[in-house]
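Have a look at the structure that comes next, please.
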Amino acid sequence: MIATKGYAAQSAKTPIAPFNYEHREPGENDVLIDIQFCGICHSDIHQARNEWGNALYPMVPGHEIVGTVARVGSKVKKFKVGDIAAIGCMVDSCRECNSCKGGDEQYCERGQTVYTYNSKDKLGNLTWGGYGNHIVCDEAFVLSVPKNLDPAASAPLLCAGITTYSPLKHWNAGPGKKVGIVGLGGLGHMGLKFSHTFGAHTVLFTTSASKIDDAKRLGADEVILTKEENWAAKHAGSFDFILDCVSAEHDLNTYLALLKRDGTLCLVGVPEKPATVYAFSVLGRKHLSGSMIGGIKETQEMLDFCGKHNIVSDIEMTSYDKVNEAWERVIKSDVKYRFVLDAKTL
Ligand code: NAP
Ligand code: ZN
Ligand code: ZN
C-alpha cells in the first residue's frame with residue numbers, strides 16, 4: 001500500500017485537517033503519481049460541506065491534480081517515470097456502455113463513473129482526491145500535460161478547464177456567435193479564455209465591479225455588472241448561448257430572457273438549492289441545459305489545445321496551513337481566479 005498524507009473533511013461542519021491514508025499498491029495498468037499541485041474547485045467545498053447531500057467521509061477533496069509519475073505498472077504504455085501527468089474528476093467508469101465507449105465516461109449509462117474523491121471504486125473502496133502527496137490511477141484516466149505549460153497553472157484545466165471547454169465546443173461557440181459567461185470565478189475565467197479563443201463575441205456577467213478590468217484582459221468583449229438596476233432589459237433576446245458558472249442561488253429567468261429564439265442557457269454551476277424556472281421563460285423556444293466536466297479524450301484534446309494556444313489558469317498559490325482560509329475566500333468570490341495548493345507544504 002502507498003502511505004499518503006493529505007487533508008480531509010471528517011464531517012460537514014468541521015474544518016479540513018491533516019489526515020493519513022493509503023492508496024492501493026499500483027496494479028499492472030496503474031500509474032503512481034507524486035502530486036505536486038492541486039487546484040481548489042468550488043465543488044470541493046460543496047461536497048465537503050455536504051451541500052449536495054452525497055458526502056462520504058473521511059473525504060480527501062481535490063480533482064485538479066498535476067504531478068510526476070513515480071511508478072508505472074507492467075502494462076502501462078502512455079507514461080514513464082518522471083513524466084508530468086494529470087488527473088481530473090474521474091478515475092474509472094464501466095468502459096463498456098455507449099457513453100463510455102464514445103468517450104463520455106462522465107455520462108456512463110450504467111451509473112458507474114468513479115469520481116476522483118467522494119466516490120467508491122469498483123471494489124467498494126473510497127477514492128481519495130488530490131489534497132495529498134500521492135494518487136494511484138489506471139492510465140486510461142491519466143492525462144498528459146503539454147511540456148510548454150506551467151504545471152501549477154495547468155492544474156485547474158483538469159476541472160475548470162474541461163467543464164467550460166466541453167459545452168462551449170458542444171454548442172459551437174465561435175465566430176458570429178454571441179456567448180455569455182455568468183460569474184468570474186475558476187470556471188468563469190476559463191470560460192472567457194476559451195470563448196474568446198474560439199472567436200465568439202464574449203460577454204461576462206458579474207456581480208463584482210472589481211473584476212471588470214480583469215475580465216477584459218481575460219477575453220471579454222463586454223462586461224455587464226448585474227448589481228446595477230434594470231441591467232438586463234437592454235440585452236433581452238440577444239444571446240446565442242450562455243454558460244452559467246455560478247455557485248450560489250440566483251435567478252435563471254433573467255438569463256433565459258437574454259437568449260435569442262433557439263438559444264441555450266447551459267448550467268455548469270451547481271448551487272445547493274434548486275432554482276425556479278417559469279414556463280414563460282422558455283416559451284420563446286429556448287433551451288435550458290447542463291453539462292458535466294468532459295470525457296477523457298476531450299480532456300486530452302483540451303490540454304493539447306491549451307498547449308497550442310498557451311492557455312493556463314490565472315492562479316494564486318497557497319499552502320495547506322491556509323486551506324480553510326482559501327475556501328472562505330472562494331465562497332466570498334475573492335480569488336483571482338483559482339487557488340492552487342502546493343503539495344510541498346503538506
Ligand atoms: P467559484 O470560483 O467560487 O466561482 C463562482 C462565481 O460565481 C464567483 O466568482 C462569482 O462571480 C459568482 N457568484 C458567487 N456567488 C454568487 C451569487 N450569490 N450570485 C451571483 N453570482 C455569484 O466557483 P467555481 O469553482 O468556478 O465553480 C462554480 C460552480 O460550478 C460551482 O457550483 C461548482 O460546484 C460547479 N462545478 C460544476 C462542474 C460541472 O461539471 N458541471 C465542474 C466544476 C464545478 P462574480 O464575482 O463574477 O459574480
Ligand atoms: Zn471541479
Ligand atoms: Zn459506462
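Within the range 99-127, can you find the residues that are open to solvent by less than 40 Å² (accessible area, probe 1.4 Å) and touching a Gly at 6+ places or on another chain (Cβ under 9 Å)?
Scanning the range 99-127 gives 99, 100, 103, 105, 106, 116, 117, 118.
Looking only at the range 18-41, filter to residues that are open to solvent by less than 40 Å² (accessible area, probe 1.4 Å) and touching a helix residue (DSSP H, G or I) at 6+ places or on another chain (Cβ under 9 Å); which one of those is nearest to residue 322 (Cα to Cα)?
The selected residue is 40.
Checking the conditions here, which among 127, 116 is out of contact with any Pro (no Cβ under 8 Å at 6 or more places or on another chain), within 13 Å of ligand 1 (Cβ to nearest atom), β-branched (Val, Ile, Thr) and more than 30 Å from residue 217 (Cβ to Cβ)?
116
Any idea which of (1) within 28 Å of residue 214 (Cβ to Cβ); (2) not assigned by TED's automatic domain parsing to the domain that holds residue 169 is the one residue 267 doesn't satisfy?
Single failed check for residue 267: (2).
Yes/no per residue for (1) in a helix (DSSP H, G or I); (2) modelled with pLDDT of 95 or more; (3) of a type in the set (A, V, I, L, M):
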{"site": "163", "(1), (2), (3)": "yes, yes, no"}
{"site": "174", "(1), (2), (3)": "no, yes, no"}
{"site": "180", "(1), (2), (3)": "no, yes, no"}
{"site": "184", "(1), (2), (3)": "no, yes, yes"}
{"site": "215", "(1), (2), (3)": "yes, yes, yes"}
{"site": "220", "(1), (2), (3)": "no, yes, yes"}
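Moving on to the next point. For the range 28-47, what are the residues that are without any contact (Cβ under 8 Å) to a residue 60 or more places away in the chain and not charged (D, E, K, R)?
Residues satisfying the conditions do not exist here.
Checking residue 136 against (1) β-branched (Val, Ile, Thr); (2) over 18 Å from the mean Cα position of the chain (by Cα); (3) within 16 Å of ligand 2 (Cβ to nearest atom): exactly one of these is not met. Which one?
Here residue 136 meets the rest and fails (3).
The values are calculated or read from the model by the stated rules, or taken from the named source; none is laboratory data. All figures in this text were calculated on a predicted structure; none of them were measured in a lab. Backbone-built Cβ (ideal geometry, glycine too); neighbour counts: all protein chains shown. Calculation scope for accessible area: heavy atoms of the full protein, side chains included, ligands and nucleic acids excluded. Shrake-Rupley method; radii C 1.70, N 1.55, O 1.52, S 1.80 Å.
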